[in-house]
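The values are calculated or read from the model by the stated rules, or taken from the named source; none is laboratory data. Keep in mind that what you see is a predicted model, and the values were worked out from it rather than measured. Methodologically, a virtual Cβ is constructed for each residue, glycine included, from the backbone with ideal geometry; neighbour enumeration extends over all protein chains shown.
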There are 4 protein chains.
Amino acid sequence: MRLRVTVWGENVHESRDPQVRAIYPDGMHGTIAAALREQLDADVRTATLQEPEHGLTEDVLGATDVLTWWGHIAHDEVSDAVVDRVQQAVLGGMGLLVLHSGHYSKVFQRLLGTSCGLQWRNEGERELVWTVAPGHPIAQGVPQPIVIERQEMYGEPFDIPAPDELVFISSFAGGEVFRGGCCFLRGRGRIFYFSPGDQEYPVYHHPDVQRVLANGVRWAAPVRVP
Amino acid sequence: MRLRVTVWGENVHESRDPQVRAIYPDGMHGTIAAALREQLDADVRTATLQEPEHGLTEDVLGATDVLTWWGHIAHDEVSDAVVDRVQQAVLGGMGLLVLHSGHYSKVFQRLLGTSCGLQWRNEGERELVWTVAPGHPIAQGVPQPIVIERQEMYGEPFDIPAPDELVFISSFAGGEVFRGGCCFLRGRGRIFYFSPGDQEYPVYHHPDVQRVLANGVRWAAPVRVP
Amino acid sequence: MRLRVTVWGENVHESRDPQVRAIYPDGMHGTIAAALREQLDADVRTATLQEPEHGLTEDVLGATDVLTWWGHIAHDEVSDAVVDRVQQAVLGGMGLLVLHSGHYSKVFQRLLGTSCGLQWRNEGERELVWTVAPGHPIAQGVPQPIVIERQEMYGEPFDIPAPDELVFISSFAGGEVFRGGCCFLRGRGRIFYFSPGDQEYPVYHHPDVQRVLANGVRWAAPVRVP
Amino acid sequence: MRLRVTVWGENVHESRDPQVRAIYPDGMHGTIAAALREQLDADVRTATLQEPEHGLTEDVLGATDVLTWWGHIAHDEVSDAVVDRVQQAVLGGMGLLVLHSGHYSKVFQRLLGTSCGLQWRNEGERELVWTVAPGHPIAQGVPQPIVIERQEMYGEPFDIPAPDELVFISSFAGGEVFRGGCCFLRGRGRIFYFSPGDQEYPVYHHPDVQRVLANGVRWAAPVRVP
């Protein structure tokens, strides 16, 4: 059976901020979905905050192997009922990719139990993403380091439980470090957090970032053993 | 400064069920508190569900180094505001011991993010508690195994994140196994889950169990470095 | 490319002990190899202690994706040069399954750094193998529990580093428990230790055990991302 | 009983290289020992490669709670018998601090089972040591970040097993990152690896580095429960 991916986007900056729309005319979710379609043999659909039930009905989640989540300024507008539903789906085996500012999403906080707080500074500085687990499936085909010319800085301490596997650590031009590629196993579900991806920079057009997202989706997909 | 411990008890079975009151005339919280007073150089107080704010006001939590939690049939009566407060206190550094049926407490589920479900059967069977981490502080002075003549069976799978440290594994007369002594680090706080302790059996009078509780409190206490 | 598996057997009990030969006329390695051939789309060969370089030349290891290892009474006869070679191959990405009494093999001790000691008693008692990580690839298709009627008891404490993932815990009729299914990540390699399998009992003929071995080989195989 | 610490030094650069002697007239081991004496209520002695049995006889190890290890160009001159002895002592409960280039010591490789390889470049660049586990005992009283003006760069991938606890991550002026503060539990022993400390720079005179060493010794000391 083909892999079924749902790319969820908050879709607020894209409608409101001309600079963001200039970078992501199809929305960040549109760009991410297109990249996954290109790299994976998968059925990829999108869903957004503005749709009924944020586009994440029981039916949609029931037909999703891996969900990706990008949100930023509207975390509070996500209904608790949908958060419950996503949490249950993950514990039941659905994979989840949480992207960048999604660290403060209700879904991520709910699944991890910590504040998920971090340090940040937005000056468009260079981020280097270093692989610390070279044998990990998510790191395959990725240069050492990935160079992202302009990004928001995310810094430690990052208030998360110790990840079950740590794949990437970033450094920033200002000298900070960040555990930006973290795997968590919760229930039967696999969660991958990946920090690059601020809306003000074209990070999701970056081929290495797209590669990580595709690898992440493959890794997070439910296990199917013959 | 002396260690400050608050022993929280749901205190429902003790008021309602004569058999439980016969075993625990001072409540399970009373027995646990007395044991900790005897074994630790600590100020130990109790708090119960029935008190205003369940006895867990900001002031009480602010003056608590380690909180122990026993609940069973009234998990839903614990107010979400108190759950929020306990969660914040733990992330800020307060230690937490979650005991037996407390696995289904809102507090534990909130901090772990999973269902915390398990298998169970109550036939008063023998539980053996085996140390798998003999160098761990919580296992010091504990026999291999601890023998508990009559207990409720708790069995795998136990739907928790992989513990940061696994200290004890139990087996039961029926053949089941259970990860009954688990350490979790969340924020600055240390959480120890310990499964022995059903209300129908005199488990908290057992000297080895009392030893584990005292060791657990010591381990969970916030770090104080000169 | 098809998966390439090498099944290594110490092959001493089989030549020496009639009761073992009665159970494993083709050697334990022969039975394991046949089971893997049946369950996997893989090229499976065998190698034994008695062959030059124990059958594990550079060429053989260079053409092996996953190596399985069973040894017991002749651990000391394995040459250090071969142990070095296997260690390097694992760190370079070759998968390794260490079976039963292989816990005391030089290869396992070398890769883990601890004594790998455990408790044991051989009275042919019942072992139950419980899954504690139901979403793990190695646990797919496996009953809860696997029932092995007669086995040697292995008990805690098992002196290993905390496994990167704990999949199975066994209990024995005598009440002991054992972390019998453990995953370790070392370098680029994946190591799975699985405890059932004493030479005196027909454990490797057990269909559920064979299933675990096949799942383990799939899991330990080097990652190939398109 | 007072804590008993043995500071082991390779003591080759100090005798051979005038620049190193200028920084460490009493040897690096002398500077480290003095710092620990100042910060801890402990008996601190030193031992060096050149002494019989490298100063690490059974008697010395038997009277050592925590051993610290600095070596660089003479790893191969450490006898295997002493390596065996140190490994056994650690598994039996002695704490071990492995410092900087000690990552390639036989002792560390033996206990971890991996190559312990890393990237490096010696241009005397700035290292920032970031705390990622703010509640960890080893991070108490340490600024965020520790600033070391001149250091050798150590970079990822660092070929170690996933640490049981990750405390510090460093960044370098060149942009690299390194898991420079790692805790490992092996047998009953606690191992702390701390990367700052090249012989060409006065790193062990740095008050924050001294603080980490003292915290590390406290953390690694065997558990004594009343």
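Overview of values
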{"quantity": "Residue count for the range A:130-155, restricted to those that are aliphatic (A, V, I, L, M), under 30 Å from residue B:92 (Cα atoms) and in a strand (DSSP E or B)", "calculated": "1"}
{"quantity": "Test: residue in the range C:76-98 that is among the small types (Gly, Ala, Ser), under 18 Å from the mean Cα position of the chain (by Cα) and in a loop (DSSP other than H, G, I, E, B)", "calculated": "yes"}
{"quantity": "Single residue of B:49, B:67 found to be in contact with an Asp or Glu (Cβ under 7 Å, 6 or more places away or on another chain) and over 20 Å from residue B:179 (Cβ atoms)", "calculated": "B:49"}
{"quantity": "Qualifying residues in the range A:205-222 (those that are surrounded by fewer than 19 Cβ atoms within 10 Å (Cβ to Cβ) and in contact (Cβ under 8 Å) with a residue 40 or more places away in the chain) - the one farthest from residue A:149 (Cα to Cα)", "calculated": "A:222"}
{"quantity": "Within the range C:181-196, tally of residues that are in contact with a Ser or Thr (Cβ under 8 Å, 6 or more places away or on another chain) and more than 14 Å from chain A (Cβ to nearest Cβ)", "calculated": "3"}
{"quantity": "Cβ-Cβ under 9 Å pairs, at least 6 apart or on other chains, the range A:155-180 side within 7 Å of chain D (Cβ to nearest Cβ) and on the phi > 0 side of the Ramachandran plot, far side of a type in the set (D, E, K, R) and surrounded by fewer than 23 Cβ atoms within 10 Å (Cβ to Cβ)", "calculated": "A:175/D:126"}
{"quantity": "Evaluation of residue C:26 against (1) touching a residue at least 24 places away in the same chain (Cβ under 8 Å); (2) within 18 Å of residue C:71 (Cα to Cα) (one fails), failing number", "calculated": "(1)"}
{"quantity": "Of the criteria (1) touching a residue at least 40 places away in the same chain (Cβ under 8 Å); (2) more than 14 Å from residue D:213 (Cβ to Cβ); (3) assigned to a helix (DSSP H, G or I); (4) of a type in the set (A, V, I, L, M), which one residue D:32 fails", "calculated": "(2)"}
{"quantity": "Evaluation of residue A:49 against (1) crowded, with 21+ Cβ neighbours inside 10 Å; (2) touching a Phe, Trp or Tyr at 6+ places or on another chain (Cβ under 9 Å) (one fails), failing number", "calculated": "(1)"}
{"quantity": "Breaking point among (1) within 12 Å of chain C (Cβ to nearest Cβ); (2) under 14 Å from the mean Cα position of the chain (by Cα); (3) not in a helix (DSSP H, G or I), for residue A:216", "calculated": "(3)"}
{"quantity": "Hits in the range C:102-124 - residues which are closer than 22 Å to residue D:162 by Cβ, in contact (Cβ under 8 Å) with a residue 24 or more places away in the chain, assigned to a helix (DSSP H, G or I) and out of contact with any Gly (no Cβ under 7 Å at 6 or more places or on another chain)", "calculated": "C:103, C:107"}
{"quantity": "Condition broken by residue D:6, with the remaining ones in (1) within 15 Å of residue D:97 (Cα to Cα); (2) hydroxyl-bearing (Ser, Thr, Tyr); (3) outside any strand (DSSP E or B) satisfied", "calculated": "(3)"}
{"quantity": "Residue list for the range A:1-22, filter: hydrophobic (A, V, I, L, M, F, W, C) and either within 18 Å of the chain's Cα centre (by Cα) or more than 21 Å from residue A:214 (Cα to Cα) (or both)", "calculated": "A:3, A:5, A:7, A:8, A:12, A:20, A:22"}
{"quantity": "Single residue of B:145, B:134, B:202 found to be free of Cβ contacts under 8 Å to residues at least 40 places away in the same chain and more than 9 Å from chain D (Cβ to nearest Cβ)", "calculated": "B:145"}
{"quantity": "Filter result (more than 14 Å from chain B (Cβ to nearest Cβ) and either buried (at least 20 other Cβ atoms within 10 Å of the Cβ) or closer than 23 Å to residue B:161 by Cβ (or both)) within the range A:73-84", "calculated": "A:75, A:78, A:82"}
{"quantity": "Flag if residue B:127 is part of a strand (DSSP E or B), within 14 Å of another protein chain (Cβ to nearest Cβ) and at pLDDT 95 or above", "calculated": "yes"}
{"quantity": "So residue B:211, is it under 15 Å from the mean Cα position of the chain (by Cα) and in a strand (DSSP E or B)", "calculated": "no"}
{"quantity": "Within the range B:52-71, tally of residues that are surrounded by 19 or more Cβ atoms within 10 Å (Cβ to Cβ), out of contact with any Leu (no Cβ under 6 Å at 6 or more places or on another chain) and not in a helix (DSSP H, G or I)", "calculated": "5"}
